[in-house]
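The values are calculated or read from the model by the stated rules, or taken from the named source; none is laboratory data. Keep in mind that what you see is a predicted model, and the values were worked out from it rather than measured. Neighbour counts run over all protein chains shown; Cβ positions are idealised from the backbone, glycine included.
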Amino acid sequence: MDTKPDSARLNEADDVTPERVERFLRNHPDFLAQRPELLRQIAAPSRDLGDNVADWQVFLIERLKADKDDMREAQGALVERTRRHRSLQDRVHAASLTLMSAADLDHLVEIVNADVSILLGVDVVNLCVETEAIHGAARMTAGVRCLTPGTVMDIMQDDRDVILRTTDDADERLFAGAAPLVRSEALARFGGEADLPNGILALGSRRDDHFCAGDPVELYRFLAMVLDRCLRKKLGLRI
């Protein structure tokens with residue numbers, strides 16, 4: 001006598017028959033209830049409605065299945081985007097608190113060039129400021145990239161506060177020798193008022209998906225505002 005249970009026999013491809021499947025399901029009425037994902041793999045029964053007559057019930061069932069799958073995929077994408085934004089928010093807040101802890105101007109510049117890149121998980125961070133003291137190409141002065149007047153307006157298209165994008169041609173005026181390595185960038189402007197010259201906080205990453213157009217620009221705008229206030233305080237300017 002064959003004493004193997006129905007479930008064991010169903011695992012043997014040669015023994016699977018419609019009758020045995022039916023008997024198994026009748027003996028285990030909660031099988032599909034415990035495995036609802038299998039229902040999406042089962043074709044809905046159709047009805048014989050005559051020639052050239054469509055079974056709209058089956059069509060609607062299949063449509064609902066497809067809609068459910070699309071909704072699940074969209075929900076997964078939303079959860080992932082929310083996690084990404086929350087992680088970015090935590091990183092920006094940590095960077096902002098570190099900027100505010102600077103003891104003096106030199107310490108603040110050091111934090112921008114070193115600590116901020118670690119806290120934000122990027123490869124390069126440069127503090128870029130326009131100055132009348134140079135002509136021609138930008139240069140580095142004590143950790144600050146010096147830009148010729150008008151450079152910020154030229155780079156920040158349409159007078160935008162923040163630019164997030166992938167790039168194969170990062171601006172050497174902002175990233176110098178690191179420009180060929182940058183595949184995505186975040187540029188946030190600061191200054192331009194109350195004696196603080198126009199500047200750009202330039203963040204660069206080797207990953208082309210690190211800075212995306214859909215990321216919340218307000219977080220980078222907030223970081224630039226914190227940097228603006230810190231610079232004014234260290235320089236003794238009006239806030």
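General remarks:
- Subset of the stretch 5-25 [surrounded by 10 or more Cβ atoms within 10 Å (Cβ to Cβ) and either touching a His at 6+ places or on another chain (Cβ under 7 Å) or at pLDDT 70 or above (or both)]: ASP15, VAL16, THR17, ARG20, VAL21, GLU22, ARG23, PHE24, LEU25
- Subset of the stretch 55-114 [small (Gly, Ala, Ser), part of a helix (DSSP H, G or I) and modelled with pLDDT of 80 or more]: SER87, ALA94, ALA95, SER96, ALA114
- Only a single criterion out of (1) over 18 Å from HIS85 (Cβ atoms); (2) modelled with pLDDT of 95 or more; (3) of a type in the set (A, V, I, L, M) is not satisfied by ILE239, namely (2).
- Of the listed requirements (1) over 30 Å from MET225 (Cα atoms); (2) of a type in the set (Lys, Arg); (3) surrounded by 14 or more Cβ atoms within 10 Å (Cβ to Cβ), ARG84 misses just one: (1).
- So ASP106, is it out of contact with any Leu (no Cβ under 7 Å at 6 or more places or on another chain), under 28 Å from GLY236 (Cα atoms), in contact (Cβ under 8 Å) with a residue 12 or more places away in the chain and surrounded by fewer than 17 Cβ atoms within 10 Å (Cβ to Cβ): yes
- When the criteria are applied in full, SER101 fails the requirement of being of a type in the set (Ser, Thr, Tyr) and closer than 20 Å to HIS210 by Cα.
- Some residue of the stretch 117-136 being over 11 Å from LEU203 (Cα atoms), polar (S, T, N, Q), assigned by TED's automatic domain parsing to the domain that holds LEU203 and not in a strand (DSSP E or B): yes
- Test for ALA202: is it in the same structural domain as HIS85 (by TED's automatic domain parsing), crowded, with 18+ Cβ neighbours inside 10 Å and at pLDDT 90 or above: yes
- Qualifying residue in the stretch 216-225 (condition: more than 23 Å from the chain's Cα centre (by Cα), surrounded by 15 or more Cβ atoms within 10 Å (Cβ to Cβ) and modelled with pLDDT of 90 or more): no
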